[in-house]
Amino acid sequence: MAAPTHLEYLIDSLVERFRARKPIRTGDLIITVFGDIVVTRGGTLWLGSLLKLMRGFGMSDGLVRTSMTRLVGEGWLQRHHVGRQSYYGFSASGRARSVAAARRIYAGAAAPWPGSWRVVLLPGGAPEARDSLRKALAGFGFASVGPGALIAPSRPNEELDRDLQRLLEDHEAVVIDGAGPAGGGGLRRLARDTWDLAALRAAYDEFLGHYQPIRDALGGGESLDRLRAVQTRLLLVHAYRRVLLRDPGLPSEMLPADWSGGQALDVCRDIYARLAAPSESWISETFETESGPLPLPGSAFFARFGGIAETTPEKAEA
């Protein structure tokens, strides 16, 4: 057996690093599979196809089956049977959460910031309830600027996330949209004092440490077999998602000049585009739904990251 190439070694190291994390996040990776692949190809997947993929990550069938049962119980997935075969897809709430995350994960460069802000005024009540709401809002990019107020920058025509809207309505919080100062050093001081940019920057730097070498190897002409292409694509999206969804999405006016978030987007977009054709080819050959092979990906797939080359699986190299 030939020794792995430099690129193959990098990918195998990524897989091993993922497997070594304790506890292993099997359910999180499964959600990435459905959000990145299945949702663009008809929305339903045979369990046997998923098991074949997850074995490549070193996960036992029993562990995957247990994780699927848990994801159904948590409302992420729904299951139906045809004979003795099990098929899975997102539930309505799981799909809504996935779509909301996908809007951020696969977005291209952000539109210019016009200096708009979204302010949330917390309702009165028990301190424990206010603290719980404050923590939940932090997951949507808000940060406290006083005992009862949180802020986040907003952009034109940016609608409230459905989960955020539901959260605010359930707690009877008040939302105010308005303009504010759009430049100056005060904005950077506000960002530095209000959001934990140091931790976020460290997470972006760690992402780049793992994936910049892969981008360099692919750019230098190295290639991957189709299964490794799928594995790399999923781990790439999984890792980028974990960082990006912690990012409040501050405009460049509020960030340090050498902020690494933009570089992380470039690396993710470039790797994803290079792996699209071989990974989609493997998916077309391997994944099944109740009516046979998964449908081909639609236009939404090729619009990801501002547009990737539209090479159909039939045209991709075997």
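The values are calculated or read from the model by the stated rules, or taken from the named source; none is laboratory data. Note that the structure is predicted; figures quoted are calculated from it, not measured. Note: ideal-geometry Cβ built from the backbone for every residue, glycine included; neighbour counts use all protein chains shown.
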Seminar exercise, completed: Per the filter on segment 276-299, residues closer than 20 Å to R104 by Cα and at pLDDT 90 or above are A276, P297
Exercise. With (1) surrounded by 14 or more Cβ atoms within 10 Å (Cβ to Cβ); (2) under 30 Å from Q263 (Cβ atoms) as the list, and G42 as the residue in question, which single condition is left unmet?
Worked result: (2)
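Can you find a residue that is in contact with a His (Cβ under 9 Å, 6 or more places away or on another chain) and either within 19 Å of G94 (Cα to Cα) or of a type in the set (G, A, S) (or both) anywhere in segment 35-57?
Looking only at segment 35-57, we keep the residues that are in contact with a His (Cβ under 9 Å, 6 or more places away or on another chain), and these are 36, 44.
Next cut, either within 19 Å of G94 (Cα to Cα) or of a type in the set (G, A, S) (or both) only: 36, 44.
Taking every residue of segment 35-57 in turn, at least one turns out to be in contact with a His (Cβ under 9 Å, 6 or more places away or on another chain) and either within 19 Å of G94 (Cα to Cα) or of a type in the set (G, A, S) (or both).
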Problem set entry | Condition met for G43 (in the same structural domain as E290 (by TED's automatic domain parsing) and part of a loop (DSSP other than H, G, I, E, B)) | yes
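Do we have any residue at all in segment 97-119 that's over 30 Å from P251 (Cα atoms), in the same structural domain as Q212 (by TED's automatic domain parsing) and assigned to a helix (DSSP H, G or I)? Steps first, answer last, please.
Just the residues of segment 97-119 that are over 30 Å from P251 (Cα atoms), to begin with: none.
No, every residue in segment 97-119 fails to be over 30 Å from P251 (Cα atoms), in the same structural domain as Q212 (by TED's automatic domain parsing) and assigned to a helix (DSSP H, G or I).
Collect the residues in segment 232-251 that are within 8 Å of the chain's Cα centre (by Cα) and outside any helix (DSSP H, G or I), keeping them in residue-number order. Break it down stepwise before answering.
From segment 232-251, those within 8 Å of the chain's Cα centre (by Cα) are 237-242, 244-245; that's our starting set.
L245, the sole residue that qualifies.
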Exercise. Do you know which residues across segment 95-109 are modelled with pLDDT under 85 and over 11 Å from the mean Cα position of the chain (by Cα)?
Worked result: G108, A109
For this session: Determine, yes or no, whether F57 is assigned to a helix (DSSP H, G or I) and either in contact (Cβ under 8 Å) with a residue 60 or more places away in the chain or not acidic (D, E) (or both).
Result: no
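For the condition touching a residue at least 60 places away in the same chain (Cβ under 8 Å) and of a type in the set (G, A, S), what is the one hit in G43, G27, G48? Explain how you work it out, then say what you get.
Numbers: G43 fails: touching a residue at least 60 places away in the same chain (Cβ under 8 Å); G27 fails: touching a residue at least 60 places away in the same chain (Cβ under 8 Å).
None of the other options fit; the residue is G48.
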For this session: Please specify each residue of segment 132-156 satisfying the condition of being closer than 18 Å to D196 by Cα, not basic (K, R) and not in a loop (DSSP other than H, G, I, E, B).
Result: A136, L137, A138, A143, S144, V145, G146, A149, L150, I151, A152, P153
Exercise. Any idea which of (1) in contact with a strand residue (DSSP E or B) (Cβ under 9 Å, 6 or more places away or on another chain); (2) surrounded by fewer than 16 Cβ atoms within 10 Å (Cβ to Cβ); (3) hydroxyl-bearing (S, T, Y) is the one S284 doesn't satisfy?
Worked result: (2)
